[in-house]
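The values are calculated or read from the model by the stated rules, or taken from the named source; none is laboratory data. Every value quoted in this text rests on a predicted model; they were computed, and no experiment measured them. All Cβ positions, glycine included, derive from the backbone under ideal geometry; neighbour counts span all protein chains shown. All accessible areas refer to the heavy atoms of the entire protein, side chains included, with ligands and DNA or RNA removed. Shrake-Rupley method; radii C 1.70, N 1.55, O 1.52, S 1.80 Å.
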Amino acid sequence: MNNLTKSIALLLLLVSSNTFAQSINIKFQDAIKKGLSLQANAKTSTDFLKSANHFERIAQVETKEWTAPYYAAFGNLMAGLTLDDKTLKDQYWDKALQEVEQAESLSADNSEIYALKGYIQFMKMSIDPQSRMSFMSASSSSLAKAKALNPENPRIYLIIGQDTFYTPEAFGGGKRKAKPILETAVAKFAIFKAANVIEPNWGEEQAKILVEKCN
């Protein structure tokens with residue numbers, strides 16, 4: 001009888017612990033989804049900063065989850081892309097780089113993280129290309145690693161394609177060279193399935209818009 005009582009108590013404890021863990025997981029996922037909604041509806045630099053702040057707060061609590069610092073980095077990247085002030089761009093992209101490296105420390109060998117890192121490094125270079133060519137090689141290395149980890153990740157081709165699109169022909173870029181890369185991105189987006197509802201799934205519309213601009 002005593003053993004039966006102990007077994008029931010242990011079972012109740014296991015059920016209670018599992019329910020508590022699921023509750024935390026659902027709360028985390030809901031918080032990420034709320035932030036993704038903020039980013040999806042963002043139009044201005046201020047909007048993207050608001051989303052970045054939301055993810056930074058999550059990252060302070062959920063210190064073992066890579067998605068929160070990843071999306072905080074994406075928010076700061078976009079905040080810089082949607083304004084003209086180069087000093088502010090640089091500040092936001094410095095922060096984005098720190099946050100994507102935080103994500104990298106939590107999830108090694110993650111293609112999505114290296115793709116975003118390559119994107120941020122390329123934009124850091126664009127602030128002053130003549131004095132920042134080291135960011136160009138760093139970006140190329142990050143994107144190459146992202147591709148080696150998962151060649152089916154469509155965001156790699158979107159980022160390389162748009163970098164090529166906005167690079168002058170005189171420096172090896174231009175629409176003609178960008179088009180086939182962006183078409184590859186669109187084809188890969190068509191069959192891409194995110195691992196779950198909170199992992200990266202952005203960029204398909206941007207790839208289609210850029211392909212149209214290449215025509």
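Listing for the model above:
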item: Mean residue ellipticity (222 nm) of the chain, computed from DSSP H runs ≥ 4 via -39,500 (n - 2.57), nearest 500; result: -26000 deg cm²/dmol
item: Mean Cβ neighbour count within 10 Å, used as a protection proxy, ranking 26-36, 106-116, 72-82 highest first; result: 72-82, 106-116, 26-36
item: Those lysines that a straight Cα-Cα span of less than 19 Å connects to residue 50, excepting residues fewer than 8 apart in one chain; result: 33, 34, 89, 95
item: Relative contact order, percent, the chain [alpha-carbon distance under 8 Å, six or more residues apart]; result: 12 percent
item: Point-charge dipole on Cβ atoms (K/R +1, D/E -1) for the chain, about Cα centre, debye to 20; result: 280 debye
item: Carbon and sulfur %, accessible surface of the chain computed with the full protein complex present, 1.4 Å; result: 56 percent
item: Accessible-area ranking of 132, 155, 57, largest first, probe 1.4 Å; result: 57, 132, 155
item: Cα gyration tensor shape of the stretch 78-174, rounded if a/c is under 1.5, else prolate or oblate by comparing a/b with b/c; result: oblate
item: Nitroxide proxy distance, nm - points 7 Å out along Cα→Cβ at residue 199 and residue 87; result: 4.2 nm
item: Surface accessible to a 1.4 Å probe, per residue, for the residues of the chain, Å²; result: 56 Å²
